[in-house]
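A.B. asks: Take this structure, written in structure tokens, and hold onto it; I'll ask about it next.
The values are calculated or read from the model by the stated rules, or taken from the named source; none is laboratory data. Keep in mind that what you see is a predicted model, and the values were worked out from it rather than measured. Neighbour counts run over all protein chains shown; Cβ positions are idealised from the backbone, glycine included. Please note that ligands, DNA and RNA were not included when accessible areas were found on the heavy atoms of the full protein model with its side chains. Shrake-Rupley method; radii C 1.70, N 1.55, O 1.52, S 1.80 Å.
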Amino acid sequence: MGCWNKTCGISNLHIYAGQPVYVFVLEENVNKSEYCYSTCLFKPCLLPFSSEYDDYGGGEKSSGVGLPFILDALRENLVELEVGDNRYHDIAVKRDDFNIDKFFEACHEDRLFVGSPRKIPVKFTMMRKDIVDGILQKFTLYDYVTKRDLTYAECLEELDSVIEEWRSLLASTLIGQVALATKNGSLNHLESERKNDANAAFSKYIFRDLLFLCRSSENFTPRLMGSLRDRTASFINLNQVITNLVTHSQKEQLKGLLADCLKGIFIGTFMDRTRKLWTPGGHEGSQNTDVDGHKILLSVVRNAIDYEENSCSNDNWPHYLS
């Protein structure tokens, strides 16, 4: 089909070859009855990675702290496929050679699935870096703990204190004590059994407990962990990824991962607020770069918002909307 411009998943603007983008992996929502949310069709992994559009529907020069974790999770949950009837498009998808290039290729050929026994299609959406970065500079989230609006930059400033708090809390738990014993080589058979029990409990409950313990502190922890659990892709357990990094004291890696998770949370909330849906980019094959329609849309939406806001204090505004 040749080359084409990708469509930005948040602005619907064109994405041209070589343009920096954020990539969000999408998992098809098998429960199509949930039309209340931006995730009614696809559930995102709120851990974006960076890439550049390659002009053929995929990305190149991909990077990001979370990218290896995303690929590992996809690889672990992958539905392996043999070459199909059409050997040019029905490509084989195997764990052994699954990498970022195969991810983009398999998505393009509709050959990427996760889950068992139910095959769940996996896609992705690209968002222009300039658009996302601009939103992150201006958009705020309301923190019900501190009763104030927080910017992305303010949340980043709190990462160090959040990580230290998690590490302190972890050390006081059973799993933290067992992990320390393991590190010091003093784990006996009885402690080994306790470790297995503690690991299971920690993986399932620790961040729920951390939420309650952290609610009195002035950080974004409750919103962060809650957002990672709600209506997101199931092929990757971000709570478990974070848990492992906390357990193994990988502070810099953890900090980078949380910074990218925050991008996902802010953009995910922005998608909800603007009534947008998570979907793979459409208009595959189009090289259109016309922005006149966007300008018209911006203008008429601005006029409609201005009229609505000004009319809210007007006696002529319909009673049922007051």
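A.B. asks: Please work out which one of (1) over 15 Å from residue 43 (Cα atoms); (2) touching a helix residue (DSSP H, G or I) at 6+ places or on another chain (Cβ under 8 Å); (3) open to solvent by less than 60 Å² (accessible area, probe 1.4 Å) is the condition residue 269 fails and give its number.
C.D. replies: The one condition residue 269 does not meet is (1).
A.B. asks: Determine whether residue 268 is outside any loop (DSSP other than H, G, I, E, B), under 29 Å from residue 30 (Cα atoms) and at pLDDT 75 or above.
C.D. replies: Values: outside any loop (DSSP other than H, G, I, E, B): yes; under 29 Å from residue 30 (Cα atoms): yes; at pLDDT 75 or above: yes.
So residue 268 passes the test.
A.B. asks: Go through region 51-81 and report how many residues are over 30 Å from residue 254 (Cβ atoms) and either among the β-branched types (Val, Ile, Thr) or loosely packed, with under 15 Cβ neighbours inside 10 Å (or both). Write out each step before concluding.
C.D. replies: To start, the set of residues in region 51-81 that are over 30 Å from residue 254 (Cβ atoms) comprises 54-57, 79-81.
Subset that is either among the β-branched types (Val, Ile, Thr) or loosely packed, with under 15 Cβ neighbours inside 10 Å (or both): 79-80.
Count: 2.
A.B. asks: Within region 1-16, which residues are modelled with pLDDT of 95 or more and of a type in the set (A, V, I, L, M)?
C.D. replies: Correct list: 10, 13, 15.
A.B. asks: Could you give me the residue pairs with C-beta distances under 8 Å whose first residue belongs to region 48-75 and is charged (D, E, K, R), whose second residue is assigned to a helix (DSSP H, G or I) wherever it lies, and which are 6+ apart or on separate chains?
C.D. replies: Pairs that qualify, where the first residue is charged (D, E, K, R) and the partner is assigned to a helix (DSSP H, G or I), are 54/104.
A.B. asks: Restricted to region 116-157, and to residues that are among the aromatic types (Phe, Trp, Tyr) and open to solvent by less than 80 Å² (accessible area, probe 1.4 Å), which residue is modelled with the lowest pLDDT?
C.D. replies: So the first thing to find is which residues in region 116-157 are among the aromatic types (Phe, Trp, Tyr), and the list is 124, 139, 142, 144, 152.
From the residues that got through so far, the ones that are open to solvent by less than 80 Å² (accessible area, probe 1.4 Å) too are 124, 139, 152.
Details: 124: 98, 139: 93, 152: 89.
Ranking the qualifying residues of region 116-157, first place goes to 152.
A.B. asks: Here's another thing I want to ask about it. If you go through region 271-283 one residue at a time, how many are touching a Ser or Thr at 6+ places or on another chain (Cβ under 8 Å), in a loop (DSSP other than H, G, I, E, B) and at negative phi? Talk me through it step by step, then tell me what you get.
C.D. replies: From region 271-283, those touching a Ser or Thr at 6+ places or on another chain (Cβ under 8 Å) are 271-272, 275-283; that's our starting set.
Imposing the further condition that a residue be in a loop (DSSP other than H, G, I, E, B) reduces the set to 275-283.
With at negative phi added as a condition, the list becomes 276-282.
Count: 7.
A.B. asks: Okay, moving on. Test residue 128 against the stated conditions and say whether it is touching a residue at least 40 places away in the same chain (Cβ under 8 Å) and charged (D, E, K, R).
C.D. replies: Details: touching a residue at least 40 places away in the same chain (Cβ under 8 Å): yes; charged (D, E, K, R): yes.
Answer is yes for this residue.
A.B. asks: Looking only at region 252-301, which residues are touching a residue at least 24 places away in the same chain (Cβ under 8 Å), under 20 Å from the mean Cα position of the chain (by Cα) and farther than 17 Å from residue 127 by Cβ?
C.D. replies: Across region 252-301, the qualifying residues are 253, 254, 255, 256, 257, 258.
This table checks each residue for (1) loosely packed, with under 14 Cβ neighbours inside 10 Å; (2) part of a strand (DSSP E or B); (3) small (Gly, Ala, Ser).
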site: 24; (1), (2), (3): no, yes, no
site: 38; (1), (2), (3): no, no, yes
site: 83; (1), (2), (3): yes, no, no
site: 96; (1), (2), (3): yes, no, no
